[in-house]
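Peer 1: Dumping the structure here so I can ask a few things about it.
What follows draws every value from the coordinates through simple rules; no lab data is involved. Everything quoted here is computed from the prediction, not taken from an experiment. Ideal geometry is used to build each Cβ from the backbone, glycine not excepted, and the neighbour counts take in all protein chains shown.
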Amino acid sequence: MTGIILIDKPKDFTSFDVIAKMRGILHMKKLGHSGTLDPMATGVLPVFSGNATKAISILPVKGKSYRAGFRLGITTDTYDITGTIVKESPVSVSDTELLSAMDRFRGEISQLPPMYSAIKVGGKKLYELARKGIEAERPIRQVKITCLELDCFDRQRGEGILTVSCSEGTYIRSIIHDMGKLLGCGAAMTSLVRTSANGFPLEKCITLEKLEQLRDEDKLDTIITPVEELFTDYPKIVLNEKRSALYKNGVKQSLSQFPINDENDLYSVYYYNGIFAGIGKADRENGVLRVYKNLGGEGT
């Protein structure tokens, strides 16, 4: 079974927990995921099966979207509600003040990752150091926030919900933490739902329970997303029968044989019979098309 299974990750599961559970359900080992989610988060977790796992390392850069709950007046060591409260402050923030603070977090911004994260510094994961009480120097990241909207805000409780669309590697809890710092009262993330990832919306995801049901009904094929859907923005090359055989065997082929332009380096390659082969890369220096990643079927 090769393709992508879109899972709605349950709360209190790590992303690896989901993979372990699915290995038991599907009775297969070759599974991997893209875009790790913290245990408290739910939502879109694309899981790659079979040969599609090779695509994880070459996924096109696409943003992600989230719905995040927050609470003003508290600061935690993890920047979310699962951590230890290190400070509490009175809250007297108006809607206008909150919206004004949000303006500072749109577009290209610099972000300091939280200590409780899986980023490695000196070969150690930050959360491992944090658990030992060690504060490590973290590299500032440049991230892009394309959408930051306030869905609702209860001024009396100091609680609300944000909608966020952002680039890869953005920490939503860091945005909330930094907003609280700017407002002078602190803030922590109380919930997180990833509503889209790799171009896939939450509406297309299924629960682990549903996956188990479909397995029992022998209907797993109805929820497998072909891996080629990830690469629909790449120009398409369809090989004839002779060139399909050459490509399958990893043979470099002259670029002049294909209708390609100078604007793209990567191409979605299909065999003569319509089966997706994978991603080809234009080596313009040597004038050849190389097999960049074999992701599809045999083509015969």
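Peer 1: Hey, can you tell me all the residues within segment 85-120 that are closer than 19 Å to Gly158 by Cα and part of a loop (DSSP other than H, G, I, E, B)?
Peer 2: Within segment 85-120, Ser89, Pro90, Val91, Ser92, Val93, Ser94 qualify.
Peer 1: Of all residues being basic (Lys, Arg) and more than 21 Å from Glu217 (Cβ to Cβ) in segment 2-32, which is surrounded by the fewest Cβ atoms within 10 Å (Cβ to Cβ)? Just the residue, please.
Peer 2: For segment 2-32, the residue satisfying everything is Lys29.
Peer 1: Let me ask another. With the requirement that a residue be over 24 Å from Pro60 (Cβ atoms) and either basic (Lys, Arg) or assigned to a loop (DSSP other than H, G, I, E, B) (or both), what does segment 220-276 give you?
Peer 2: Selection gives Asn240, Lys242, Arg243, Asn249, Val251, Tyr272, Asn273.
Peer 1: Let me ask something additional. With the condition kept exactly as written, say whether any residue in segment 52-64 is in contact with an Asp or Glu (Cβ under 6 Å, 6 or more places away or on another chain) and either of a type in the set (A, V, I, L, M, F, W, C) or free of Cβ contacts under 8 Å to residues at least 60 places away in the same chain (or both).
Peer 2: no
Peer 1: Of all residues being part of a helix (DSSP H, G or I) and out of contact with any strand residue (DSSP E or B) (no Cβ under 8 Å at 6 or more places or on another chain) in segment 121-143, which is surrounded by the fewest Cβ atoms within 10 Å (Cβ to Cβ)? Just the residue, please.
Peer 2: Per the stated criteria, the residue is Arg131.
Peer 1: Condition test on Tyr66, is it among the aromatic types (Phe, Trp, Tyr) and within 21 Å of Val18 (Cβ to Cβ)?
Peer 2: The answer is yes for Tyr66.
Peer 1: Give segment 33-52 a look and list any residue that's hydroxyl-bearing (Ser, Thr, Tyr) and surrounded by fewer than 18 Cβ atoms within 10 Å (Cβ to Cβ), or say none.
Peer 2: From segment 33-52, those hydroxyl-bearing (Ser, Thr, Tyr) are 34, 36, 42, 49; that's our starting set.
Once the filter is applied, which keeps residues that are hydroxyl-bearing (Ser, Thr, Tyr) and surrounded by fewer than 18 Cβ atoms within 10 Å (Cβ to Cβ), segment 33-52 yields only Thr36.
Peer 1: Considering segment 149-179 alone, what residues qualify as being surrounded by fewer than 20 Cβ atoms within 10 Å (Cβ to Cβ) and of a type in the set (A, V, I, L, M, F, W, C)?
Peer 2: Correct list: Leu150, Cys152, Phe153, Ile161.
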